[in-house]
Structure formats: structure tokens, C-alpha cells
Amino acid sequence: MTCPFIDPVLVRLGPLEIRWYGVMYLLGFIAGYYVIKSELRRKQGPIPAENADDLLFYLVVGLLLGGRIGYVLFYNLPAYIAAPWEILYVWHGGMSFHGGLLGMILAGVVFSRTRNANFWSLADIGALASPIGLMLGRIGNFINCELFGRVTDLPWGIVFPDGGNLPRHPSQLYEAFFEGPVLFLILWILRVRTAVHGQVLAAFLVGYGLARFSIEFLREPDPQLGYLFFGLTMGQLLCIGMMIAGAALFTYLRYYGVPTEKRSDRTSRVKP
């Protein structure tokens with residue numbers, strides 16, 4: 001099998017192109033909006049469900065700015081130091097999920113303070129909405145024939161235009177599955193079983209970090225970086241930090257976290 005299977009450009013209008021990758025981003029934002037609104041209604045807070053669009057706006061800005069800045073810092077800093085104006089050339093590609101995650105967390109902190117809302121509760125909702133966008137983004141990577149895997153002799157190996165003549169793992173689809181529906185299902189179950197606010201976010205950090213760290217063993221490293229410490233890629237090193245942060249957050253919340261409304265109601269009915 002040879003990539004591309006479909007034209008990465010959905011519509012051409014003269015010099016204007018609408019690409020599948022951009023459409024996947026848009027679909028991810030729409031899906032995220034409905035998940036956020038649904039969770040706000042179910043929790044009856046921490047902000048009115050009618051304000052879901054405001055929260056999503058903050059998160060989208062944080063994602064786009066953080067994703068771009070993260071790519072510049074983590075993946076190609078020397079090139080952008082040599083030509084800093086190219087930081088603005090977003091149409092050339094270059095987004096980092098880990099940078100986008102940091103951007104969304106910062107945006108969530110700012111939003112929660114402006115609305116006097118519980119940040120950890122909002123973070124849980126944002127974490128629950130993220131796997132859908134991750135899945136769609138990886139499908140967009142696959143349509144673009146980018147971020148492909150390492151060479152394989154498995155029957156479903158695919159020849160990618162920039163990967164030579166040998167078949168490679170469709171690692172974009174592996175990530176789409178495990179970072180998307182698998183992670184979403186885990187968080188969906190946890191969302192009604194957590195004891196304190198923030199545990200869904202902690203589970204997301206550990207779950208995503210573990211999934212991507214594992215799959216990166218089958219993914220071709222970024223050509224400008226190659227393999228780094230101990231033969232790991234930049235993505236794997238960032239995921240190690242992400243998993244450590246998730247585990248630390250679990251520990252912190254165990255002792256200092258604010259109980260969820262469901263747990264608070266339950267304990268308030270227990271007689272001393």
C-alpha cells in the first residue's frame with residue numbers, strides 16, 4: 001500500500017486550499033465544545049453550560065499559541081533562531097502537542113481566575129474533551145502522509161512518499177486509536193468515579209504519556225533531532241515528564257485535593 005490514499009487537499013479555490021488537516025482541527029474543536037457543554041450540564045458547574053463557548057475559546061487560543069511555541073522550542077529551535085520570522089509561517093506546519101497542552105493549562109488557569117471557578121474541575125472537563133481532537137489530528141497526519149512509523153515487514157505496512165521505498169508502520173493510526181477512543185473511554189469511566197477534582201486530568205497525563213511513549217518506539221524520529229538520550233526521541237522524553245507530572249498530581253490531590261460534589265454529598269451523610 002502506498003500513501004496518500006486520498007488527496008490531502010479537500011477543496012481548491014484558486015490559490016486557496018482547504019486541507020483535510022485543517023478540517024480535522026475544526027471537527028476536533030466542535031466535538032470538544034459539545035463534550036464540554038455536556039459535562040458542564042451534568043456537573044451543574046463550575047461555570048454555566050452557556051459559557052462553554054468562552055472556555056473553548058480560551059483553550060483553542062492556548063492550544064494554537066502553545067503548540068506553535070512548543071514546536072519552536074522543543075523541535076527546531078536552531079532553525080528558528082537563524083530565521084525567526086518563520087515562526088509566523090504556520091502554514092508550513094509545525095505544532096507540538098506538549099506545547100499545546102501547556103498552553104491550554106495556562107489558558108485554563110487564566111479563565112478560571114477571571115470567572116472565579118474551580119480550575120481542577122474545569123481541567124477535568126478539558127482533559128475529557130481532548131482525546132477526540134487527538135484522534136482527529138492523527139488521522140489528519142495520516143492523510144498528509146507525515147509523522148510516519150519505522151520500517152516494518154508486517155502486512156499492513158505502508159510506503160510513505162518521504163519515507164523511502166520500504167513499507168513503514170502507520171503509527172499515526174496507532175496513535176489515533178490509543179490516544180483517542182481508548183483514552184477517552186478510560187477517562188469517561190473515571191469521570192464519575194473520581195474522589196477529587198483534577199484526577200481526570202492526572203489520568204489523562206499518565207494515559208496519554210504512556211500511550212505515546214510506547215508507540216514512539218514504532219515511529220520514525222524527527223529528522224532534525226533523531227534519537228536523543230538513551231536512544232529515546234524528543235516526544236518520548238516529553239512524555240516521561242508528562243507521566244511524572246501526572247503521578248505527582250495524583251499524589252498531591254490525594255492529600256490536598258477538593259472532593260467532588262458526589263463524594264462530598266456522600267461523606268456529609270455519614271454519621272460520626
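What FRET efficiency do you get for Y227 and L185 if R0 is 30 Å and r is their Cβ-Cβ distance, rounded to the nearest 0.05?
0.40
Within the chain, which complete DSSP H helices have Cα atoms spanning at least 20 Å along the helix axis and a mean Kyte-Doolittle hydropathy of 0.5 or higher?
On the way: long enough: 20-43 (34 Å, 0.29); 52-75 (33 Å, 1.42); 97-114 (25 Å, 1.27); 119-143 (36 Å, 1.16); 199-215 (24 Å, 1.44); 234-256 (32 Å, 1.17).
Passing helices, by number: 52-75, 97-114, 119-143, 199-215, 234-256.
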Original post:
Which Cα, out of N76, I125, I240, lies furthest along the positive dipole direction of the chain (beta carbon charges, K/R +1, D/E -1)?
Top reply: I125
**OP:** Report relative contact order for the chain in percent, whole number only (criteria: Cα-Cα under 8 Å, sequence separation at least 6).
**Re:** 19 percent
Subject >> Net lengthening on full extension, Y255/L10 (0.36 nm per residue, minus Cα-Cα) >> reply: 83.1 nm
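Does segment 37-190 come out rounded, prolate or oblate by the C-alpha gyration tensor, with a ≥ b ≥ c the root eigenvalues, rounded set by a/c under 1.5 and, if not, prolate when a/b is larger than b/c and oblate if not?
Working: a/c = 3.22, a/b = 1.47, b/c = 2.19.
Taking the square roots of the gyration eigenvalues as a ≥ b ≥ c, segment 37-190 is oblate.
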Original post:
How do T194, T2 stack up against each other in accessible area, from largest to smallest, with a 1.4 angstrom probe?
Top reply: T2, T194
Original post:
If you take the square roots of the eigenvalues of the alpha-carbon gyration tensor of segment 172-225 and sort them as a ≥ b ≥ c, do you get rounded (a/c under 1.5), prolate (a/b over b/c) or oblate?
Top reply: prolate
**OP:** Select from L237, L56, L228 the residue whose mean-square fluctuation is largest in a Gaussian network model of the chain (Cα-Cα springs shorter than 10 Å).
**Re:** L228
**OP:** Return one whole number: the accessible area per residue of segment 1-109 in Å², for a 1.4 Å probe.
**Re:** 59 Å²
**OP:** Report the residue, chosen from L101, L16, L187, that carries the largest GNM mean-square fluctuation when the chain is represented by alpha-carbon nodes joined by springs under 10 Å.
**Re:** L16
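Helix-only mean residue ellipticity at 222 nm, the chain, DSSP H runs n ≥ 4 weighted -39,500 (n - 2.57), per residue, nearest 500. What is it? It would help to have the intermediate numbers written out before the result.
Numbers: 10 runs with 160 residues, N = 272.
Using -39500 (n - 2.57) per qualifying helix, the result is -19500 deg cm²/dmol.
How would I158, I18 rank on accessible area, largest to smallest, probe 1.4 Å?
On the way: I158 5, I18 70 Å².
Correct descending sequence by accessible area is I18, I158.
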Original post:
On full extension of the chain, what length is gained from V61 through L154, given 0.36 nm per residue of separation minus the C-alpha to C-alpha distance?
Top reply: 29.5 nm
**OP:** Write down, largest first, the equivalent ellipsoid semi-axes of the chain in whole Å, where each equals the square root of 5 times an eigenvalue of the alpha-carbon gyration tensor.
**Re:** 35, 21, 18
Original post:
What does the accessible area of E216 come to, in Å² to the nearest 10, when a probe of 1.4 Å is used?
Top reply: 10 Å²
**OP:** Just the number, please: carbon plus sulfur as a percent of the accessible area of segment 113-272, 1.4 Å probe, no ligands or DNA/RNA counted.
**Re:** 65 percent
Subject >> Within-9-Å neighbourhood charge of I125 [Cβ basis; K, R +1; D, E -1] >> reply: 0
**OP:** With a 1.4 Å probe and every protein chain left in place, tell me how much accessible area V182 has, in Å² to the nearest 10.
**Re:** 50 Å²
Original post:
How many angstrom separate the Cα center of segment 1-80 from the Cα center of segment 124-159?
Top reply: 15 Å
**OP:** Could you tell me the accessible area of Y174 in Å² (1.4 Å probe, neighbours in place), rounded to the nearest ten?
**Re:** 50 Å²
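If you take the beta carbon distance between F217 and V110 as r and set R0 to 30 Å, what does 1/(1 + (r/R0)^6) give as a FRET efficiency, to the nearest 0.05? All intermediate terms of the calculation are to be shown ahead of the outcome.
Details: r = 36 Å, r/R0 = 1.21.
Efficiency for this residue pair is about 0.25.
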**OP:** Kindly sort Y25, Y256 by accessible area of their heavy atoms, largest first, with the probe set to 1.4 Å.
**Re:** Y256, Y25
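The values are calculated or read from the model by the stated rules, or taken from the named source; none is laboratory data. Note that the coordinates shown come from a computational prediction; the quantities given were computed from them, not determined experimentally. Neighbour counts run over all protein chains shown; Cβ positions are idealised from the backbone, glycine included. With ligands, DNA and RNA removed, areas are computed over all heavy atoms of the protein, side chains included. Shrake-Rupley method; radii C 1.70, N 1.55, O 1.52, S 1.80 Å.
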